[in-house]
Amino acid sequence: MSVITLQLGQCGNQVGEQTFSTLIDDVYSKSIGVSSQDNHDYIQTCLSTFFSQPESKSRDGSFDLPKARAVLVDMETKAVAQSLQQARKSGKWSYCPEQWYSQKRGSGNNWAYGYCVHGPRSQDDIMNLVRREVEKCDRLGGFINFLSLAGGTGSGVGAFVTQSLRDEYPFSFIVNQVVWPYSTGEVIVQNYNAVLTLSHLYDTADAILVMENDSLHKICSQLLNIKNISFRDINKVIAHKMTSVLQPSLAADLGTKHTCDLGYIVERLTPHPQHKLLTVKNIPQMSDIAKEFSTYQWPGLLKNLRQMLIADSPMEEGINWEVKPATRTESGHTCFNRSISTLLVLRGKETLSLDASMFSDPNIYAPWVPQDLASCVFRQPRWFCGYEKAATLVGNSSASVKPLNKIIDKAWNMFASRAYVHQYLKHGLTEEDFLDSFVSLEKVIDSYTKL
Amino acid sequence: MTQSIIVQVGQCGNQIGCRFWDLALREYAQVNKDGVYDDSIGSFFRNVDSRHEDPANIPLGEGKGKIKSLKARAVLVDMEEGVVSELMKGPLGEVFDCRQLLTDVSGSGNNWATGHKMYGSQYKEQLSEAVRRAAEFCDCLQCFFVIHSMGGGTGSGVGTRILNLLEDDYPDVYRFVTAVYPSAEDDVITSPYNSVLAMRELTNHADCVLPIENQALVDIVNKITQALPPTKSGKRVYGVSPAVKPDSALTTGTAVGSPEEKPFDKMNNLVANLLLNLTSSARFEGSLNIDLNEITMNLVPFPKMHYLVASQTPLYCMADVKVPPRRLDQMFSDAFAKDHQMLKVDPKHSLYLACALMVRGNVELSDIRRNIDRLKPNLNFVHWNEEGWKTGLCSVAPVGQPYSLLTLANNTCIHNTFTDIRDRFTKLFKRKAHLHHYTQVDGMDMSDFTDSLESLNSVIADYYNLEQTMGQPVVMEPRLQIAS
């Protein structure tokens with residue numbers, strides 16, 4: 001089963017490129033902890049899912065490098081060129097030389113320009129590239145789109161392309177990985193762009209994986225001890241999280257073969273169309289130097305991870321242990337982070353026999369969720385990225401309400417004075433479109449808060 | 001990559017333009033050491049084979065061909081010959097050819113009407129032809145930068161006429177205007193008239209205006225001169241800040257080949273650097289690019305409020321190699337100080353509508369974030385845009401400096417500058433002084449004066465009214481409710 005990746009906009013291209021290199025780094029990692037046969041299976045599954053491998057040997061007898069199953073899209077040239085070059089420089093993998101699309105003039109942080117102008121103009125070309133990539137697959141497992149919410153291309157063109165994918169491949173799984181902007185300052189109109197993007201993705205994508213820059217920044221500074229944090233560091237954290245979910249693993253009800261089944265992930269995690277926002281928490285995470293000197297025990301890791309879910313903490317440091325999965329207060333609100341479904345991915349030593357029942361506790365899920373569907377566990381005895389033990393939790397929970405609320409607050413406040421709206425109307429958006437987007441996101445918040 | 005065209009009009013515009021091309025070449029000479037004609041240099045220059053008459057572009061191809069001979073993407077307009085012909089005779093003359101020039105002999109006589117109405121109509125076809133020619137050499141034209149002064153006749157008159165023409169012929173191409181405003185004690189008596197008449201055009205037809213005040217430039221130049229080591233050979237002065245690195249100041253760079261620095265060169269270098277820093281993020285790589293269209297998108301909340309206050313720091317840099325973080329932080333602090341603004345205003349005590357920080361060189365994202373957190377408590381932002389920061393990181397540092405910062409602020413303090421101009425205008429207008437010089441020009445009407453005044457008043461009022469909301473309690477509009 002193959003998964004095709006679309007990298008949209010500057011951020012999407014950077015994160016996508018980083019994800020592929022993290023996948024490859026993990027594949028060729030030295031510390032594996034499993035037999036070479038098992039490792040071979042792992043590598044082959046990863047490579048066949050995310051990369052296409054040339055079948056024939058090249059003239060000098062060596063195999064060509066694996067080529068990412070990816071389509072790179074940006075409305076200016078720099079980011080795409082940089083991704084292509086980075087991949088080439090790695091010497092371990094590359095992009096297909098023709099599988100990119102770029103224009104000369106960027107979207108200028110304007111969602112409307114991306115969605116109403118660039119999107120329709122580039123639709124045919126982009127969908128052609130996608131089709132070429134699809135034709136290479138024996139069996140298409142779905143699409144992962146990388147994009148940011150703040151800019152114009154990733155968000156605007158991204159929303160448009162996601163919609164085109166949905167039209168062209170109505171039965172494929174589409175997962176959008178969105179980078180949530182810093183709450184202060186990157187792009188001034190980021191809240192408008194985010195509101196417009198999220199509301200559109202909610203109609204078209206099957207699941208929306210949220211990565212918050214603010215939390216990622218904290219991880220970089222507190223867990224990884226990076227002094228001057230750059231976008232590259234942040235993208236590495238995103239890539240690490242994505243990879244830990246996507247690398248092959250074993251699900252109890254999917255037979256004994258190690259796979260990466262996007263459809264299964266989507267089906268288990270988004271059982272309800274009003275609940276599509278997923279967050280990824282992982283443990284442990286530390287700098288390479290610290291890795292060698294740290295030992296972890298599974299019970300401690302899982303206990304921390306569970307509390308991270310309940311208290312909605314982005315990392316294992318500074319978890320609030322006071323929060324308990326309690327019954328509702330009288331006003332009907334819950335004071336902990338209630339989930340609809342979770343996916344636990346366990347990687348490394350002893351994972352096959354590990355007891356993960358603490359994640360199927362009905363108290364942490366919404367009451368209407370059938371108990372046997374609430375949680376599922378993926379296991380993989382192979383070490384992950386040099387970690388002897390690693391656990392990742394993908395959750396569909398009310399965690400995203402807080403940042404979403406903030407964004408709507410700011411966007412609505414700005415919209416009340418109609419600031420910047422003229423820039424969007426210029427490209428064919430209307431004030432009604434804004435209102436529709438606000439309405440649909442208010443509905444999302446409403447349904448998550450009612451859990 | 002996109003291209004931009006510089007349209008330099010009038011004496012002031014051409015002098016600044018001249019400095020711009022010189023500094024742009026200097027910058028590319030440092031960045032592009034192999035002499036390769038790539039996308040980046042292509043944004044301001046064409047590569048031609050100058051052996052031919054009317055040389056065509058050498059195609060960019062893979063961006064690996066050698067530079068043969070560079071031609072500036074520029075249109076030079078002046079209604080007298082002096083400045084432009086001197087430019088053509090000088091060493092920079094090579095980057096222009098005579099088809100890019102448009103000159104007359106008699107000048108506009110410090111009269112906006114002569115420039116805008118008379119010459120504007122007379123040269124309409126030629127102007128449009130010169131611009132069209134430059135535009136046809138671009139494969140993706142993104143932006144026109146129009147440079148002119150506000151006080152004179154040609155710059156303000158013809159310059160704003162060209163702006164109209166650009167809007168009609170190229171509605172999708174951005175129009176950035178760098179407008180030099182006269183000081184209060186300007187020697188041109190009619191400069192308030194010219195400024196106000198030109199302002200109406202800028203308000204209605206430009207996407208973005210960077211107003212610059214002569215007096216502010218003079219003050220910054222003085223500040224730099226005091227800090228710089230004396231250039232006279234033979235004498236060494238001890239004890240006077242010996243740490244400043246030579247050739248690192250924003251005013252550095254005399255015209256190539258001319259031994260004498262012209263009096264305005266230093267001031268003009270400041271403006272030329274402004275344009276280079278403004279476009280750097282669109283021309284070079286960086287981890288957070290700011291394309292030109294993002295500037296208006298982020299900094300112009302309402303169509304007519306598109307006047308941005310600029311400041312550049314550091315003015316010069318120190319000679320020692322180590323860069324302590326304190327000095328980097330100082331760069332951010334200075335950018336908000338009164339004496340670093342390119343207008344005589346104090347944005348710190350007024351209301352910010354939006355602010356862009358465009359950083360070049362060896363600076364990390366976390367440096368920017370740290371400084372935003374540090375500076376923000378002392379700045380006032382409008383309530384609907386409290387996080388109104390736009391940030392950009394360009395990895396190529398300016399010539400002679402390890403890093404630099406350009407801030408662009410949409411700040412209500414600008415209404416003070418505009419009110420000053422209006423007051424000077426009304427002083428003359430009340431007495432109808434010099435009006436006849438204007439009204440005798442064909443197509444000029446008294447209504448031009450009253451309409452322009454009204455237009456200016458409304459811009460002032462827009463900014464002023466927003467400033468009045470500063471510190472006032474805000475009534476938030478309640479969010480939409482979902483009926484259950």
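Under 4 °C and 1.567 mPa s, how fast does segment A:169-212 diffuse according to Stokes-Einstein, given a Kirkwood radius computed over C-alpha pairs? Answer in µm²/s, whole number.
Value of D from the Cα-based Kirkwood radius: 113 µm²/s.
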When we measure straight from the Cα of A:LYS291, which aspartates and glutamates land under 14 angstrom away, once same-chain ones fewer than 8 places off are left out?
A:GLU388
As a test of the formula, what do you get for chain A when each DSSP H run with n ≥ 4 contributes -39,500 (n - 2.57) and the sum is divided by the residue count, at 222 nm and rounded to the nearest 500 deg cm²/dmol?
-12500 deg cm²/dmol
Run the accessible area of segment B:20-132 with a 1.4 Å probe and give the carbon-and-sulfur part as a rounded percent.
50
Rounded to whole Å, sorted largest first: equivalent-ellipsoid semi-axes of segment B:337-484, Cα gyration tensor
38, 26, 14
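For B:SER50 and A:TYR28, what is the calculated FRET efficiency with R₀ set at 51 Å and r taken between the beta-carbons, to the nearest 0.05? Let's see the in-between values first.
Numbers: r = 53 Å, r/R0 = 1.03.
Calculated transfer efficiency: 0.45.
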Just the C-alpha atoms of segment B:61-157: what Rg/Rh do they give, with Rh taken as the Kirkwood radius?
1.02
Averaged across A:440-446, how many Cβ atoms of other chains sit within 10 Å of each residue's Cβ atom?
2
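Within 10 Å, count the other beta carbons around each residue, average over each peptide in A:241-252, A:188-199, A:64-75, and list them highest first.
For the peptides A:241-252, A:188-199, A:64-75, the packing ranking is A:188-199, A:64-75, A:241-252.
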Take A:ASP138 and A:ARG232, extend 7 Å from each Cα along the Cα→Cβ direction, and tell me the distance between the two endpoints in nm.
3.8
Does segment A:184-257 classify as rounded, prolate or oblate by the C-alpha gyration tensor (a ≥ b ≥ c root eigenvalues; a/c under 1.5 gives rounded; else a/b over b/c gives prolate, otherwise oblate)?
oblate
Averaged over residues of B:280-287, the number of beta carbons from other chains lying within 10 Å of each residue's Cβ is 2
To one decimal place, what orientation-averaged projected area in nm² is obtained for the convex hull of the Cα set of segment B:100-215?
7.0
Highest average packing first - B:2-8, B:164-170, A:359-365, Cβ atoms within 10 Å:
B:2-8, A:359-365, B:164-170
If you place +1 on the Cβ of every Lys and Arg and -1 on the Cβ of every Asp and Glu, how big does the dipole about the Cα centre of segment A:329-389 come out, in debye to the nearest 20?
340
Simple spin-label estimate for A:SER35 and A:ASP167 in nanometres, 7 Å along Cα-Cβ:
5.2
Straight-line reach from A:LYS324: which lysines have Cα under 17 Å away, leaving out those fewer than 8 places along the same chain?
A:LYS303
Accessible-area loss of at least 40 Å² (1.4 Å probe, chain alone to full protein assembly) applies in segment B:381-400 to B:TRP384, B:GLU387, B:TRP389
Debye, to nearest 20: dipole size of segment A:243-384, +1 on Lys, Arg Cβ, -1 on Asp, Glu Cβ:
180
Rounded to the angstrom and largest first, Cα extents along the principal axes for the protein assembly as shown equal 94, 72, 62
For chain B, what is the accessible area per residue in Å², given a 1.4 Å probe and the full set of protein chains?
41
Kirkwood Rh in Å, taken over all unlike Cα pairs in segment B:415-484:
15.5
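Suppose R0 equals 56 Å; then what is the FRET efficiency for B:LYS64 and A:VAL323 from their Cβ-Cβ distance, rounded to the nearest 0.05?
Plugging the Cβ-Cβ distance into 1/(1 + (r/R0)^6) gives 0.40.
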At R0 = 56 Å the Cβ-Cβ FRET efficiency linking B:ALA29 and A:ASP436, nearest 0.05, sits at 0.60
Ignoring ligands, DNA and RNA, how much accessible area is buried between chains A and B, both sides summed, with a 1.4 Å probe, to the nearest 100 Å²?
4400
Based on the Kirkwood radius over alpha-carbon pairs, what is the Stokes-Einstein translational diffusion coefficient of chain A at 25 °C with 0.890 mPa s viscosity, in µm²/s?
110
Share of pairwise Cα separations in segment B:336-400, more than 15 Å, in percent
60
Can you tell me how chain B classifies by the Cα gyration tensor, rounded, prolate or oblate, using a/c under 1.5 as the rounded cut?
rounded
Cross-link list A:LYS281/B:LYS390; A:LYS426/B:LYS33; A:LYS227/A:LYS402: which exceed 31 angstrom alpha carbon to alpha carbon?
A:LYS426/B:LYS33
For segment A:28-137, I need the span (max minus min coordinate) of the C-alpha atoms along each principal axis, in Å, sorted largest to smallest.
53, 30, 23
For A:189-201, what's the mean count of beta carbons from other chains sitting within 10 Å of each residue's beta carbon?
1
Per-selection Kirkwood Rh - segment A:239-373 (Cα, Å, 1 d.p.):
16.6
Within segment A:73-163, what whole-number % of the accessible surface is contributed by carbon and sulfur, with the 1.4 Å probe and all protein chains included in the calculation?
44
When the convex hull of its Cα atoms is projected in every direction, mean area for segment B:30-86 (nm²):
5.2
Roughly how big is chain A's charge dipole about its Cα centre, with Cβ charges of +1 (Lys, Arg) and -1 (Asp, Glu), in debye to the nearest 20?
720
So how far apart, in nm, are the two label points at B:SER333 and B:ASN362 if each is 7 Å from Cα heading toward Cβ?
2.2
In the calculated pair distance distribution of segment A:352-451, what percentage of Cα-Cα distances lie above 23 Å?
53
Cα extents of segment A:84-231 along the principal axes, largest first, in whole Å, come to 45, 39, 31
How high is the relative contact order of chain A, given as a whole-number percent (alpha carbon pairs under 8 Å, six or more residues apart)?
17
Sort the following peptides by mean Cβ neighbour count (other Cβ atoms within 10 Å, averaged over residues), highest first: B:287-294, A:222-229.
B:287-294, A:222-229
Tell me which lysines have Cα within less than 25 Å of B:LYS223's Cα, excluding those fewer than 8 residues away on the same chain?
B:LYS232, B:LYS235, B:LYS245, B:LYS262, B:LYS266, B:LYS322, B:LYS338, B:LYS344, B:LYS348
Between rounded, prolate and oblate, where does segment B:262-404 land on the alpha carbon gyration tensor, with a ≥ b ≥ c its root eigenvalues, rounded for a/c under 1.5, else prolate if a/b exceeds b/c?
rounded
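Over chain B, what is the relative contact order in whole percent, taking alpha-carbon pairs under 8 Å and six or more residues apart?
Contact order relative to length: 16 percent.
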Compare each residue of segment B:447-484 in its chain alone against the assembly with all protein chains, and report those whose accessible area goes down by 50 Å² or more; 1.4 Å probe, heavy atoms.
B:GLU477, B:ARG479, B:LEU480, B:ILE482
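The values are calculated or read from the model by the stated rules, or taken from the named source; none is laboratory data. All values reported here derive from a predicted model rather than from experimental measurement. Because the Cβ atoms are built from the backbone with ideal geometry, glycine has one as well, and the counts that use them run over all protein chains shown. Protein only, heavy atoms only, side chains kept; ligands, DNA and RNA dropped before computing areas. Shrake-Rupley method; radii C 1.70, N 1.55, O 1.52, S 1.80 Å.
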